[in-house]
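> Following this message is one structure expressed as C-alpha cells.
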Amino acid sequence: MTSKIIGVGNYIPSQTITNLFFDKHHFLDESGHILQQDNATIADKLKEITGIEERRYAQNDQVTSDLGFIAAQRALENSGIDPETLDYIIFAHNFGDVRFGTIQSDMVPSLASRVKHLLKIKNNFCVGYDVLFGCPGWIEAMIQANAFLKAGIAKRCLVIGAETLSRVSDIHDRDSMIYADGAGAAIVEISTDDSGLKSHLSASFTMKEKDYLYFGKSYNNQSCPDTKFIKMNGRKIYEFALLNVPNAMKKCFDDSGYTIDQLKKIIIHQANEKMDEAIVNRFYQLYSTSVPENIMPMVIHKLGNSSVATIPTLLTMILNSELPEHTINKGDIVLFASVGAGMNINAFVYKF
C-alpha cells in the first residue's frame, strides 16, 4: 500500500511583477552602502543567474491561507471527492499570514485550521496542522501524509503548500527580486495498485549550514532597524545544494528500485535556474550518463520562487496540460526534490 495523488490544484496570483518593478529600489549591501551597479544591471544579472523575468504577488487583500484555500478548492474539485472525507489537512508554509503593509506574522490558529474553516468542513475528526520545513515543506508534508496513509491512521489527506514571500522580503536587498507568492495542493489517498509514492528521503544539515537562510535585519538600518526579513547566503546555499542534493536524489531514486533510464521527469524546487540545472547535471553524472532532453520543467522565469508552492504549482500545470512541452502519462516515474532553510533536503519518487 502507498499514497496516490487523486487531485491537484494551484493558485497563481494575478499580479505580475516584472524586473522593471525594481528599477527605482535603493539596493544596499550588508553594511548599508549603496550597490555600485545600477538596478538595470542588477536585474540583468538576476535573470542571467536565476532565469527570473517575472514573479507573481498576491493581491493586497490576500494572505497565505487565502491562497492555500483557493488551491485546496481546486484540488478538491479536480479529485471529485467530498471534503468531509478528508482525515488530515497538512499546510506547509514558513511565515504564516502576513497582511499587506504589516510586519507581523500570524499563525494562530494554524493556517490548516483556517483553510478547513473556509472549506466549511464540519467533520471534527478532519485534523489540520502546519509544517514549517523551509522550501522543502510541501514534499515533507507529502511524506508525512504517506506515513499516515500506510499506517492506517488516515485514508485521505489534503496537502497544501503556500507562501507570500513578497511580504517578508527586504526591499533594500537585491535578493528580494527572487521571491514570489503562490499556492499548490494535492489530495492523496491510500492505494493498493501499482501507482503512488515509491520511496522518499529527508535530511537536515544543522551544524555549519543552519543559518544559510535566516531571518535578519534590513540592509537599511536607519529606516527599519527592528524589523527582520528573509535573508540568505546565496553562495553558501549554491555550494551546499550542489554538494548534497544530487547524492540525496540518487539515494532516494535507488531506493525506489527503478533504473535511471525509466525516469521520465524531475520536478525540482524552482529556486534558481542555474542551480537546478547544475544539480540535475551532477545527479546524472552519478549514473555516468547525460541529462535527457526535456527532463526538468522550469517555470521560474515567469513565476519566481514561491518557496513551498513551486513544486505543487508546477505539478498542477503539467497535469492540467498548461505546459505543452511537458507531459506526465500513466506509468511515468517522476522524481520530486527540494532544498531550503534548515538546511533541509528531501525527495520522493512517484509512479503515475
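> Which of the residues spanning the range 116-129 are in contact with a Phe, Trp or Tyr (Cβ under 8 Å, 6 or more places away or on another chain) and either polar (S, T, N, Q) or more than 19 Å from E189 (Cα to Cα) (or both)? Outline the logic, then answer.
First, pick out the residues of the range 116-129 that are in contact with a Phe, Trp or Tyr (Cβ under 8 Å, 6 or more places away or on another chain): 118-119, 126-129.
Hit for the range 116-129 is L118, nothing else.
> Then there's this: Where the second residue is of a type in the set (K, R) and not in a loop (DSSP other than H, G, I, E, B) and the first is on the phi < 0 side of the Ramachandran plot and touching a residue at least 60 places away in the same chain (Cβ under 8 Å) and lies in the range 143-157, which pairs have Cβ atoms under 7 Å and are six or more apart or on separate chains?
none
> Just give me the residues in the range 151-168 being among the polar types (S, T, N, Q) and surrounded by fewer than 24 Cβ atoms within 10 Å (Cβ to Cβ), in sequence order. Lay out the reasoning, then the answer.
Of all residues in the range 151-168, those among the polar types (S, T, N, Q) come to 164, 166.
Matches in the range 151-168: S166 only.
> Among (1) of a type outside the set (K, R); (2) farther than 18 Å from H200 by Cα; (3) surrounded by fewer than 24 Cβ atoms within 10 Å (Cβ to Cβ); (4) over 16 Å from the mean Cα position of the chain (by Cα), there is one condition F148 misses while meeting the rest; what is its number?
Here F148 meets the rest and fails (2).
> Answer yes if at least one residue in the range 83-99 is assigned to a helix (DSSP H, G or I), of a type outside the set (D, E) and in contact with a Gly (Cβ under 6 Å, 6 or more places away or on another chain), and no otherwise. Steps first, please.
Our first condition is that a residue be assigned to a helix (DSSP H, G or I); within the range 83-99, this holds for 83-85.
Filter once more, keeping what is of a type outside the set (D, E): 83, 85.
Adding the requirement that they be in contact with a Gly (Cβ under 6 Å, 6 or more places away or on another chain) leaves none.
Checked against the condition, which is being assigned to a helix (DSSP H, G or I), of a type outside the set (D, E) and in contact with a Gly (Cβ under 6 Å, 6 or more places away or on another chain), the range 83-99 yields no hits at all.
> Also, I was wondering about something else. Are any residues in the range 218-231 surrounded by fewer than 16 Cβ atoms within 10 Å (Cβ to Cβ) and either touching a strand residue (DSSP E or B) at 6+ places or on another chain (Cβ under 7 Å) or not charged (D, E, K, R) (or both), and if so, which ones?
The answer is N221, Q222, S223, P225, T227, K228.
> One residue is enough: does the range 252-271 have a residue meeting the conditions among the β-branched types (V, I, T), modelled with pLDDT of 95 or more and over 27 Å from A75 (Cα atoms)?
Going residue by residue through the range 252-271, those that are among the β-branched types (V, I, T) are 259-260, 266-268.
Next, only the ones that are modelled with pLDDT of 95 or more stay: 259-260, 266-268.
So of that shortlist, the ones also over 27 Å from A75 (Cα atoms) come out as 259-260.
Yes, that holds for at least one residue.
> Would the range 249-263 turn up any residue that is closer than 19 Å to M343 by Cα, over 19 Å from the mean Cα position of the chain (by Cα), surrounded by fewer than 16 Cβ atoms within 10 Å (Cβ to Cβ) and not small (G, A, S)? Please lay out each step first, then the result.
Step one: of the range 249-263, the residues closer than 19 Å to M343 by Cα are 249-252.
Next cut, over 19 Å from the mean Cα position of the chain (by Cα) only: 250-251.
Right, trim to surrounded by fewer than 16 Cβ atoms within 10 Å (Cβ to Cβ) and you get 251.
With the extra rule that they be not small (G, A, S), the set shrinks to 251.
Yes - at least one qualifying residue is present in the range 249-263.
> For the range 172-181, what are the residues that are at pLDDT 95 or above and either surrounded by fewer than 21 Cβ atoms within 10 Å (Cβ to Cβ) or touching an Asp or Glu at 6+ places or on another chain (Cβ under 7 Å) (or both)?
The answer is D181, and nothing else.
> Turning to a different aspect of this structure: Please count how many residues of the range 99-148 are over 21 Å from Q62 (Cβ atoms) and in contact with a Lys or Arg (Cβ under 7 Å, 6 or more places away or on another chain).
So the answer is 1.
> May I ask you to verify whether D211 is over 30 Å from I171 (Cα atoms) and either outside the structural domain of T102 (by TED's automatic domain parsing) or among the acidic types (D, E) (or both)? Please lay out each step first, then the result.
Numbers: over 30 Å from I171 (Cα atoms): no; either outside the structural domain of T102 (by TED's automatic domain parsing) or among the acidic types (D, E) (or both): yes.
No; evaluated as a whole, the condition is false for this residue.
The values are calculated or read from the model by the stated rules, or taken from the named source; none is laboratory data. What you see is a predicted model, and the numbers here were worked out from it, not measured in a lab. Here the Cβ is made from the backbone with ideal geometry for all residues, glycine too, and neighbour counts use every protein chain on show.
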